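Since the structure comes first, as structure tokens, the remarks are kept for the end.
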Amino acid sequence: MNTIKYLKPILLVGALCVAGSSCNDSFLERYPETSITEENFFRTSQDLETYTNGLYELLPVSYNDIYSDNLSTYTGSSETDNMLRGKLNIENVGGWNKWGDLRSINFLLANAGRAEGNAEDINHYVGIARFFRAQFYYDQVKKYGDVPWISKPLKTDDEELLFKTQDPRTLVVDSIMADLQYAVDHIKTGDSRTRITQYAAYQLMARIALHEGTFRKYHTELNLTATADAFLEKAAWAARQLMDTGLFGITGTGAQGYCDLFSSPDLSANKEMILYDDYSRELNRGNNTSSVYDWQWALSKSLADSYLNTDGTRPTDNPAYKTTGYLDMFTGRDERMAQTIMAPGFTKDGDKKPSVARPTFSGLIQIKFYPRSLSMGMEWGKNYTDLPIFRYGETLLIYAEAMAELNQIDQPVIDLTINELRKRAKVAGLTIAGLTADPVLATQYPDVTGPNRAVILEIRRERRVELACEGFRYDDLMRWKAGKLLEGPSEGIYIPGLGAYDVTGDGAPDVAILNSPSETGPIASLPEDVQKGLSKYYLHDDSGNEQDFYLSEGTYGNIRFVNDKTLPRTFVDPQYYYKPIPKHQAQLNPNLVQPAGW
């Protein structure tokens with residue numbers, strides 16, 4: 001297993017600080033000039049490799065969907081949540097502070113010409129740097145729309161560039177795609193799954209092109225609809241390059257096959273991994289994946305509703321589904337569901353009893369990414385499960401969506417993509433002949449129209465459940481112009497009435513939901529020892545004040561959250577598709593223009 005990316009040399013630390021990475025977060029700060037690395041370092045392709053090792057820290061690794069409609073509640077701080085509740089403004093927003101990362105990348109690109117040696121090796125590392133620049137810039141585009149394109153490391157006398165305004169989205173994205181084209185043309189293939197290869201570059205190109213193509217298609221206010229197909233074609237092309245290699249595939253069967261992607265101590269032999277992050281005790285590298293379990297957030301009924309029955313039917317078509325309780329909602333469902341949301345009977349390694357779902361957290365606890373064995377580590381920062389960065393399941397979803405948006409979808413494409421994923425989940429395959437649009441999905445995504453409406457909706461369903469909690473959902477809502485789905489109230493499990501409930505599946509009650517501490521009537525008939533053993537949750541305190549959650553119909557219904565009632569969430573279109581630039585950053589450069597509405 002290749003571990004060089006984690007051995008950052010002292011020289012590189014100095015180089016990155018000279019280059020500006022994480023040394024000063026102010027926008028395009030005037031960094032002190034130096035000749036240390038420029039004169040003495042960039043001499044060989046090995047020097048370029050050493051420098052690019054430090055850039056790997058910029059790779060995104062996510063194991064949650066904060067903040068999106070896949071969450072029911074979140075107790076941490078979120079700018080998106082503050083925005084939806086009308087509390088975000090240019091005075092308190094963060095961001096616009098990662099430009100030191102760009103300077104680190106541009107520093108290599110500006111000095112790579114000094115290196116002597118094999119041209120293919122040099123171009124390989126230049127390609128890696130341009131890969132990272134493309135990733136950096138598209139993250140900025142997603143957040144702000146128009147941003148200034150800077151292609152060189154700024155010096156103190158670069159007055160014009162230091163104080164330039166934003167470039168148009170079209171120019172920036174074209175520059176991003178040029179970087180990605182260089183990357184796929186020059187980065188070597190290789191057989192490592194922990195190093196940037198040509199395959200990783202194809203995946204990033206496909207991901208960005210799909211995002212930009214669909215963003216332009218659905219955000220008609222940009223007047224860029226006519227250019228959307230070119231990006232969708234590029235997304236399909238890049239995904240197909242990966243598919244045609246035969247090197248990658250959907251691995252495993254059923255629940256365990258899906259679980260192994262996210263809770264495994266070693267992904268080196270997993271054929272679905274295009275690029276993954278390697279964690280281990282030996283490397284002294286850990287993550288915090290154990291925090292997904294019942295810490296600061298829980299998952300939503302909206303996400304749970306998205307999982308099909310194993311026979312391919314929609315549970316939401318059954319009127320009785322609306323009142324299906326926690327014990328029964330997993331029965332006969334897509335096997336990915338119980339590997340994402342904790343089902344009754346789930347027992348953590350080392351525990352003697354099953355875990356108990358908390359009503360105050362919707363009852364839908366995330367277990368996707370949770371380490372399944374104590375040997376994988378359970379302490380803060382000491383979880384030793386490898387984490388996917390790019391995986392083949394996403395590749396298939398990109399290809400299917402791009403082809404559907406291009407009106408080039410057919411059953412062979414579905415069989416090659418969506419049905420490969422459903423096969424592992426033990427869900428009946430999708431047949432597009434005679435397919436009708438799911439009314440629930442049609443309501444969620446009203447902008448989807450045309451002859452492929454039904455299949456596009458099903459592809460979006462598949463993407464939501466396959467990639468749940470991997471950090472994609474918020475971006476997907478933004479590019480589909482579906483921000484209204486972030487409005488509340490979010491919901492959890494259905495509660496048929498006040499009283500005690502079994503949530504572990506052993507036949508004995510575990511929790512009680514009561515109106516207040518003094519109103520114990522609904523559990524009065526239970527034996528005293530059973531009452532004492534219950535975890536009790538209250539809708540009100542004895543003074544009548546509402547607590548953290550309530551039931552949608554008063555004394556029964558779906559769990560909802562009082563915060564959504566007292567401070568409702570509202571999505572302002574199109575303003576909230578972007579974040580504002582912090583006031584102090586705009587003061588540093590008065591030529592910056594706030595995104596529309598801010």
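Tell me, which residue of segment 339-374 that is of a type in the set (Val, Ile, Thr) and assigned to a loop (DSSP other than H, G, I, E, B) is farthest from Ser552 (Cα to Cα)?
In this case the residue turns out to be Thr347.
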Candidates Asn82, Asn92, Asn53 - the one that is surrounded by fewer than 21 Cβ atoms within 10 Å (Cβ to Cβ) and either among the hydrophobic types (A, V, I, L, M, F, W, C) or within 24 Å of Ile389 (Cα to Cα) (or both): Asn53
Hey, Val593 within 29 Å of the chain's Cα centre (by Cα), of a type in the set (A, V, I, L, M) and open to solvent by 40 Å² or more (accessible area, probe 1.4 Å) or not: yes
Residue match in segment 122-141 (condition: assigned to a helix (DSSP H, G or I), under 25 Å from the mean Cα position of the chain (by Cα) and surrounded by fewer than 19 Cβ atoms within 10 Å (Cβ to Cβ)): yes
Neighbours by Cβ (under 6 Å, 6+ apart or cross-chain): first from segment 368-388, touching a residue at least 12 places away in the same chain (Cβ under 8 Å) and under 23 Å from Lys271 (Cβ atoms); second of a type in the set (D, E, K, R) and buried (at least 16 other Cβ atoms within 10 Å of the Cβ): Asp386/Asp278; Leu387/Asp277
Enumeration of residues in segment 267-293 that are buried (at least 19 other Cβ atoms within 10 Å of the Cβ) and either in contact with a His (Cβ under 9 Å, 6 or more places away or on another chain) or of a type in the set (D, E, K, R) (or both): Glu272, Asp277, Asp278
Odd one out for Leu108 among (1) without any contact (Cβ under 8 Å) to a residue 60 or more places away in the chain; (2) open to solvent by less than 20 Å² (accessible area, probe 1.4 Å); (3) closer than 20 Å to Ile196 by Cα: (1)
Evaluation of Asn64 against (1) open to solvent by less than 40 Å² (accessible area, probe 1.4 Å); (2) among the polar types (S, T, N, Q); (3) modelled with pLDDT of 70 or more; (4) part of a helix (DSSP H, G or I) (one fails), failing number: (4)
Test: residue in segment 500-514 that is in contact with a strand residue (DSSP E or B) (Cβ under 9 Å, 6 or more places away or on another chain), of a type outside the set (Val, Ile, Thr), closer than 24 Å to Val292 by Cα and assigned to a loop (DSSP other than H, G, I, E, B): yes
Of residues in segment 514-535 being open to solvent by 70 Å² or more (accessible area, probe 1.4 Å) and closer than 11 Å to Gly499 by Cα, the one farthest from the chain's Cα centre (by Cα): Ser525
Segment 410-439: number of residues that are open to solvent by 60 Å² or more (accessible area, probe 1.4 Å), of a type outside the set (Ser, Thr, Tyr) and farther than 22 Å from Ala239 by Cα: 4
Among (1) closer than 22 Å to Ile341 by Cα; (2) assigned to a helix (DSSP H, G or I); (3) of a type outside the set (Val, Ile, Thr), the one test that Met403 misses: (1)
Subset of segment 367-390 (residues that are of a type in the set (A, V, I, L, M) and within 22 Å of Ala255 (Cβ to Cβ)): Ile367, Leu374, Met376, Met378, Leu387
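Confirm whether Phe262 is within 26 Å of Thr504 (Cβ to Cβ) and either aliphatic (A, V, I, L, M) or surrounded by 15 or more Cβ atoms within 10 Å (Cβ to Cβ) (or both).
Considered against the rule, which asks whether it is within 26 Å of Thr504 (Cβ to Cβ) and either aliphatic (A, V, I, L, M) or surrounded by 15 or more Cβ atoms within 10 Å (Cβ to Cβ) (or both), Phe262 comes out as yes.
The values are calculated or read from the model by the stated rules, or taken from the named source; none is laboratory data. Treat the numbers as computed from the prediction; the structure is a model and nothing was measured. Virtual Cβ from ideal backbone geometry, glycine too; neighbours counted across all protein chains shown. Calculation scope for accessible area: heavy atoms of the full protein, side chains included, ligands and nucleic acids excluded. Shrake-Rupley method; radii C 1.70, N 1.55, O 1.52, S 1.80 Å.
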